[in-house]
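Right, one structure below, let's go through it.
Each reported figure results from applying straightforward, stated rules to the coordinates on display, with no laboratory input. Because the structure is a prediction, the values reported are computed rather than measured. Methodologically, a virtual Cβ is constructed for each residue, glycine included, from the backbone with ideal geometry; neighbour enumeration extends over all protein chains shown.
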Number of protein chains: 2
Amino acid sequence: MALIVEKYGGTSVGSVERINAVADKVVHSRNNGDEMVVVVSAMSGETNRLLGLAGDINPEADSREVDVLVSTGEQVTIALLSMALHRRGLDARSYTGGQVHIRTDNTHGRARIVEIDDARVRRDLRKGRVVVIAGFQGVDEEGNITTLGRGGSDTTAVAMAAALGADECRIYTDVDGVYTADPRIVPDARRMEQITFEEMLELSSLGAKVLQIRSVEFAGKYKVPLRVLSSFEEGPGTLITYEESKMEQPMISGIAHNADEAKITVRDIPDRPGIASKLLGPIADAHINVDMIIQNVGTDGNTDMTFTVPRSDLVASMELLQELAVELGAKEVVGDEGMAKISVVGVGMRSHSGVASKMFAALAGEGINIQLISTSEIKISVVVEEKYMELAIRTLHKAFNLSEAAAEQ
Amino acid sequence: MALIVEKYGGTSVGSVERINAVADKVVHSRNNGDEMVVVVSAMSGETNRLLGLAGDINPEADSREVDVLVSTGEQVTIALLSMALHRRGLDARSYTGGQVHIRTDNTHGRARIVEIDDARVRRDLRKGRVVVIAGFQGVDEEGNITTLGRGGSDTTAVAMAAALGADECRIYTDVDGVYTADPRIVPDARRMEQITFEEMLELSSLGAKVLQIRSVEFAGKYKVPLRVLSSFEEGPGTLITYEESKMEQPMISGIAHNADEAKITVRDIPDRPGIASKLLGPIADAHINVDMIIQNVGTDGNTDMTFTVPRSDLVASMELLQELAVELGAKEVVGDEGMAKISVVGVGMRSHSGVASKMFAALAGEGINIQLISTSEIKISVVVEEKYMELAIRTLHKAFNLSEAAAEQ
């Protein structure tokens, strides 16, 4: 008998029919003899419906009250799923985040889980009950309702799995696993049977939006065996592993991309210590998320600094930087919004040289100009003009032979 | 500075526009310098929408899960109203029933309030905040969400007013007060400026469905000054009082009616001790609410027993009684569903004789035959054929001169 935590997202519970289908899946798992905890999101569309009401009443709604409002979405789903399970003869109980003491900090709208008191869940499991828990939500120290931010239901599931020491945490979603690249761009992209935790972290942070990055971090911290699979079709999905396999690792596991990039270059800044923090501090203070940062030191004592920001933050960033540039004696600030980032990720990279040169050569072979490069131990990212993005992905997918299973690479 | 608890029902908060109108009313009260606690229901239609979803998933949904589901309705309203108050510059905080520790028993769907811990509400009031509370809901000892049953928001408001020692509890509804009779039947029915608690209890239990009867009982127990008024138009409404006025009371305050009555007569039962409980016990066990009960002892040692039940329970009651009648040696069981009950209510009745004879004479004058009579200290009820109901009400309203204020009666 295993203890399984399953999580079903908004599209998986988006209608009465879908909720019934999820109930059938849970019955199937329970009939295998497993102890079951099920975490669910709001029915798809519900959160937006509620936010629409809030927007009509107060366009600058207080985040505490927004959390009170949107947390009703998951509460509806837990009740409905429990009813569906009862109808199938299972003993089930629903709980809100507060009821199972998912304690968070008080950052409304993007709270972090501080602790979980799993006593009540364990008691129900011992009684043979299926426990149905509202994802995405918790309570702060004073009992105020908080939410974990979009995608936070994944984090709830993983945190609950960690607290319970679950044998597996299954994240059901609308894709049937993690692919070597976006199948809409690369038709022969391949679903991976398994992927290491570190690779998953890089892939999800880079735009392969299968799992919320915080949930992956959480899973890694507590070594929660995590599986991504489809709630719409049968299949084993992709398992995220922590132990490095004895077998030789593939050099490259997958290719991530993010089309939502803008590039900013500050030219010819007199190069003094502290320049980077003077430029980037105000950007961070404005809650703009700076991604790649590259500095080239020139020979004339001046330096160029280039970095990327989400495209929607380009205008605000440019305004902040124009002022700073004058202050710091820089020549000019140049922004370019039509950028995309492409990354190849793989733990095998560690033991194989030549990944970077192979990557750059493949792109050069198609005449794709690389604007920025950054590397980490298991990842190489390049920024290219967005118009080349799809071509670049397909080119790299072919160059690294990703449509074949690991052995053939 | 007074402490006021206001309650707004589903139609009063049924849309964004209505919620904004409620916020304006609360601002107005707050600007008078009053401390404000606001209790709200689910937006009208929302509870039925949720119950519809439940019905689609499990027609015999578990009452615990129904409570989890429908309690989201009020939670949406408290958040939206708080946002509307913020927009108007008021500091407001919303709370679910659980968050302000409205402790109930565990009878899901019709739980009773056991205690309220008002510490959190008082703390907010001291800080100048408007406290917005979800009506209709609480939590049991184990933290399970419970609901108080339809109309339970009135009870929440009254219980909160009692716990806080509020100066007034205002129940905003879609009528502008308590009338001497249903204005749809009696065009010149008059809104009462005030009414005693006992009269209100009789009137609300008899079908003048302005306030939920449990909330009136609760108000009486704790002597909560209660005012019924309209959320759609200005006006003082009707105040429910506890002290008997020094002034002479009007003989009759108002006329209540209930068209949803059926009459059952069990004929010629051998009259032995315990007959009543033998007949009515099984009816009560079937959760059928027996109202008027009348027994006539005949001269031949046999007795007739007549009573009224809600019309929708007539068939079930008849089936139960046919069996019992054979057992008890009764001659026959006769049911009649086309009945209505009309009651005249007034504390002044105590000190005036002749109310009953005046009532019966007035009805006789119009040729209306009385089927059953029952009396209490401040009420006389008659059952008549439903087709005479409106005529009977108008006749009595005129006979007791109710369109004139008390002094002229």
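Worth a mention:
- Rounded to the nearest 20 debye, the dipole size of chain B about its Cα centre is 1240 debye, using +1 on the Cβ of Lys and Arg and -1 on the Cβ of Asp and Glu.
- As a length-normalised measure over Cα pairs under 8 Å and 6 or more apart, the relative contact order of the range A:83-230 settles at 22 percent.
- Low-density loop positions, GluC sites (Glu not before Pro), the range B:341-404 - DSSP coil, at most 14 other Cβ in 10 Å: B:GLU366, B:GLU377, B:GLU404
- For chain B, calculated [θ]222 nm from helices alone, where every DSSP H run of n ≥ 4 adds -39500 (n - 2.57): -11000 deg cm²/dmol
- Whole-angstrom gap from the range A:353-373 to the range B:133-184, using each part's C-alpha centre: 70
- Placing +1 on the Cβ of every Lys and Arg and -1 on the Cβ of every Asp and Glu, with no other charges, gives the range A:181-327 a dipole of roughly 340 debye about its Cα centre.
- By DSSP, the beta bridges lying fully in the range B:84-234 are antiparallel in about 40 percent of cases.
- For B:PRO273, the label point sits 7 Å beyond Cα toward Cβ; its separations from the matching points on the remaining copies run 10.5 nm, from shortest to longest.
- Straight-distance crosslink candidates among aspartates and glutamates, where the alpha carbon sits under 19 Å from B:LYS331 and sequence neighbours closer than 8 are dropped: B:ASP268, B:ASP271, B:ASP300, B:ASP304, B:GLU319, B:GLU323
- Three-way shape label, the range B:3-174, alpha-carbon gyration tensor, a/c 1.5: oblate
- Förster radius 25 Å - calculated FRET efficiency between A:ARG49 and B:GLU233 (Cβ-Cβ, nearest 0.05): 0.20
- With the charge dipole of the range A:102-225 set up from +1 on Lys and Arg Cβ and -1 on Asp and Glu Cβ about the Cα centre, the Cα lying farthest toward the positive end among the listed residues A:PRO183, A:ILE133, A:VAL210 is that of A:ILE133.
- Long-range HN-HN contacts of B:THR241 with modeled amide H, under 5 Å: B:ILE195, B:THR196, B:PHE197
- Of the GluC sites (Glu not before Pro) found in the range A:125-213, the ones in coil according to DSSP and having at most 12 other Cβ atoms within 10 Å of their Cβ are A:GLU141, A:GLU142.
- For the protein assembly as shown, the antiparallel share of DSSP beta bridges with both residues in that region comes to about 60%.
- With viscosity 0.890 mPa s and temperature 25 °C, the Kirkwood radius over alpha carbon pairs of the range B:75-155 converts through Stokes-Einstein to a diffusion coefficient of 189 µm²/s.
- Net lengthening on full extension, B:GLU337/B:GLU319 (0.36 nm per residue, minus Cα-Cα): 5.0 nm
- Per-pair calculated FRET efficiency, R0 = 35 Å: B:SER312 and B:ALA356 via Cβ, rounded to 0.05: 0.70
- Each part gets one Cα centre, and for the range B:22-45 versus the range B:213-287 those centres are 29 Å apart.
- Using C-alpha pairs under 8 Å with a sequence gap of at least 6, the mean separation divided by the residue count of the range B:254-408 gives a relative contact order of 29 percent.
- A simple charge model with +1 on the Cβ of Lys and Arg, -1 on the Cβ of Asp and Glu and nothing else charged puts the dipole of the protein assembly as shown at about 600 debye relative to its Cα centre.
- The local environment of A:GLU17, defined by Cβ-Cβ distances under 12 Å, has a net charge of -1 under the rule Lys, Arg +1 and Asp, Glu -1.
- Where rotation carries A onto B, the chain A residue whose Cβ is nearest that axis, in whole Å: A:THR72, 2
- B:HIS287/A:VAL114 FRET efficiency (R0 35 Å; Cβ-Cβ; nearest 0.05): 0.15
- Positive-end ranking of A:ALA54, A:THR77, A:ASN31 along the dipole of the range A:1-97, with charges on Cβ about the Cα centre, is headed by A:ASN31.
- Inter-copy separations for A:GLY143, label at 7 Å along Cα-Cβ, nm, ascending: 1.2
- In the range A:1-87, the GluC sites (Glu not before Pro) that fall in loop regions by DSSP, at most 14 other Cβ within 10 Å: A:GLU60
- Computed over chain A: relative contact order in percent, which uses C-alpha pairs under 8 Å that are six or more apart: 13
- The range B:95-123 and the range B:1-20 have Cα centres spaced 20 Å apart.
- Take A:ASN296, move 7 Å from Cα toward the beta carbon, and the resulting point lies 11.0 nm from the same point in each other copy, nearest first.
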